[in-house]
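Read the structure below first, then the notes.
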Amino acid sequence: MYAGLMSVIGWVAEPLQRWVSMKNMAYFFVLPNLIIFGVFVLFPMLLNIYYAFTGGTALFPQDRPFVGGQNFQQIFTCTNFLDPNSCREDRFWRGLYNTVFYVIFQVGGMVALSMLTAVVLNRSIRGRGFFRSVFFYPVLLSPVVIALIWKWILQRDGLLNALLVTLGMERVVFFLNANWAVFWVIFISIWAQMGFYTLILLAGLQSIPHDMYEAADMDGASRVQSFRGITLPLLMPTLLVVLVLSVIRAVQVFDQVWVLTGGGPGTATVYVVQYIYETAFANQIQQFGLASAASVILGLILLVLTIFQLRLGRQSDIA
């Protein structure tokens with residue numbers, strides 16, 4: 001059966017190879033992926049950029065009038081960029097500031113905890129395989145499922161408040177307090193994602209030759225000195241990958257927070273992607289052009305952050 005299948009493939013591939021030539025066969029095999037990328041990624045991205053320069057509430061491009069940079073001007077109309085209340089699109093700027101705060105603490109906390117967990121799991125400890133599976137398990141869950149589980153735990157009559165009442169403490173309405181809501185949004189996202197980055201860092205740690213640590217021990221280096229002199233420098237390329245991926249994912253946070261808090265209380269957990277979604281689809285007046293302009297700004301921010309991180313990593317490699 002296998003030989004027959006290969007013969008059929010050969011009957012198709014050999015004339016195709018003579019017609020396309022051996023040199024161009026690589027493009028032929030890549031073509032399906034390029035078509036999928038063009039239809040589902042490149043075309044929507046270009047259409048979104050076009051929408052950013054159009055106005056009105058019509059959905060189809062041919063029905064939307066060209067307004068130039070009016071949408072961008074509306075977003076950047078502020079008397080004081082540090083005060084969202086002074087901006088015409090105050091919800092966008094509140095979402096932007098919340099996103100910056102979220103990225104700093106979520107990415108920082110997750111990278112630190114992922115590094116610590118990877119270092120521990122890289123050692124010869126009992127049940128190492130089990131703990132690796134436990135830390136990775138939340139990654140397999142849908143963000144919506146994760147949000148629903150934690151919402152059940154943290155709601156007024158949830159599991160955590162039941163435990164507090166059992167211990168003689170008062171109930172805490174977590175999602176009605178801005179500080180608690182922000183804390184739990186960051187904590188839950190770290191809990192849900194750190195297993196993925198822990199495995200990446202663990203793979204990087206296992207690629208470091210053990211002989212280098214033995215030589216450091218013979219020279220009398222402590223564990224802290226070995227970590228600073230061997231682990232961190234050799235792990236820097238992997239750490240850079242983790243940093244880039246985690247920043248991109250953190251800036252695009254939406255679904256988990258939307259299910260967990262809905263952006264509340266008030267605007268405490270409103271992020272840029274939620275503003276884009278509400279402006280384009282949830283509000284009574286659907287402003288596709290304004291939402292597209294906000295998404296273009298978000299894309300440029302991600303591009304700048306990624307280039308900055310890659311250049312920083314390149315300079316550290318040169319040094």
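The values are calculated or read from the model by the stated rules, or taken from the named source; none is laboratory data. This one's a predicted model, so the numbers in the text were calculated from it and none came from an experiment. Neighbour counts run over all protein chains shown; Cβ positions are idealised from the backbone, glycine included. Only protein heavy atoms, including side chains, enter the accessible area calculation; ligands, DNA and RNA are left aside. Shrake-Rupley method; radii C 1.70, N 1.55, O 1.52, S 1.80 Å.
Among the conditions (1) over 16 Å from residue 106 (Cα atoms); (2) in contact (Cβ under 8 Å) with a residue 40 or more places away in the chain; (3) not acidic (Asp, Glu), the only one that residue 188 does not satisfy is (1).
Checked against (1) in contact with a helix residue (DSSP H, G or I) (Cβ under 9 Å, 6 or more places away or on another chain); (2) open to solvent by 40 Å² or more (accessible area, probe 1.4 Å), residue 129 passes all but a single condition, namely (1).
Could you tell me which residue of the stretch 270-319 is modelled with the lowest pLDDT, considering only residues that are in a helix (DSSP H, G or I) and aromatic (Phe, Trp, Tyr)? It comes out as 308. Listed by first and then second residue, the pairs linking a residue in the stretch 208-226 that is farther than 22 Å from residue 237 by Cβ to a residue that is assigned to a helix (DSSP H, G or I) and of a type in the set (Ser, Thr, Tyr), with Cβ atoms under 8 Å apart and 6 or more places separating them unless they lie on different chains, are 217/226.
Might you check whether a residue that is touching a Pro at 6+ places or on another chain (Cβ under 8 Å) and either in contact (Cβ under 8 Å) with a residue 40 or more places away in the chain or closer than 26 Å to residue 183 by Cα (or both) occurs anywhere in the stretch 95-102? Please lay out each step first, then the result.
Filtering the stretch 95-102 down to residues touching a Pro at 6+ places or on another chain (Cβ under 8 Å) leaves 97.
Right, trim to either in contact (Cβ under 8 Å) with a residue 40 or more places away in the chain or closer than 26 Å to residue 183 by Cα (or both) and you get 97.
Scanning the stretch 95-102 turns up at least one residue that is touching a Pro at 6+ places or on another chain (Cβ under 8 Å) and either in contact (Cβ under 8 Å) with a residue 40 or more places away in the chain or closer than 26 Å to residue 183 by Cα (or both).
Kindly indicate whether residue 242 is open to solvent by less than 20 Å² (accessible area, probe 1.4 Å) and modelled with pLDDT under 95. Judged against the criteria, residue 242 is a match.
Take residue 227 and decide whether it is out of contact with any Lys or Arg (no Cβ under 7 Å at 6 or more places or on another chain), aromatic (Phe, Trp, Tyr), farther than 28 Å from residue 60 by Cβ and open to solvent by 50 Å² or more (accessible area, probe 1.4 Å). So residue 227 fits the description; yes. Residues in the stretch 84-94 that are in a loop (DSSP other than H, G, I, E, B) and either hydroxyl-bearing (Ser, Thr, Tyr) or in contact (Cβ under 8 Å) with a residue 60 or more places away in the chain (or both): 89 only. Just one of the listed residues (239, 303, 245) is without any contact (Cβ under 8 Å) to a residue 24 or more places away in the chain and out of contact with any helix residue (DSSP H, G or I) (no Cβ under 6 Å at 6 or more places or on another chain), and it is 303. Selection within the stretch 84-98: residues that are within 24 Å of the chain's Cα centre (by Cα) and farther than 15 Å from residue 279 by Cβ. The member of this set that is surrounded by the most Cβ atoms within 10 Å (Cβ to Cβ) is 98.
Taken over the stretch 204-220, the criterion of being open to solvent by less than 60 Å² (accessible area, probe 1.4 Å) and in contact with a helix residue (DSSP H, G or I) (Cβ under 7 Å, 6 or more places away or on another chain) is satisfied by 204, 205, 208, 213, 216.
Scanning the stretch 50-83 for residues that are within 29 Å of the chain's Cα centre (by Cα), in a loop (DSSP other than H, G, I, E, B) and surrounded by 13 or more Cβ atoms within 10 Å (Cβ to Cβ) turns up 52, 53, 76.
Considering the stretch 146-177 alone, what residues qualify as being in a helix (DSSP H, G or I), open to solvent by 100 Å² or more (accessible area, probe 1.4 Å) and over 22 Å from residue 268 (Cα atoms)?
The one that is in a helix (DSSP H, G or I), open to solvent by 100 Å² or more (accessible area, probe 1.4 Å) and over 22 Å from residue 268 (Cα atoms): 166.
Of all residues in the stretch 37-55, those being free of Cβ contacts under 8 Å to residues at least 12 places away in the same chain, under 27 Å from residue 76 (Cβ atoms) and among the β-branched types (Val, Ile, Thr) number 0.
Quick check, is residue 222 small (Gly, Ala, Ser) and under 18 Å from residue 153 (Cβ atoms)? Full working, then the answer.
Details: small (Gly, Ala, Ser): yes; under 18 Å from residue 153 (Cβ atoms): no.
It is false that residue 222 is small (Gly, Ala, Ser) and under 18 Å from residue 153 (Cβ atoms).
With the requirement that a residue be of a type outside the set (S, T, N, Q), buried (at least 21 other Cβ atoms within 10 Å of the Cβ) and under 12 Å from residue 98 (Cα atoms), what does the stretch 258-276 give you? Within the stretch 258-276, 263, 270, 271, 272, 275 qualify.
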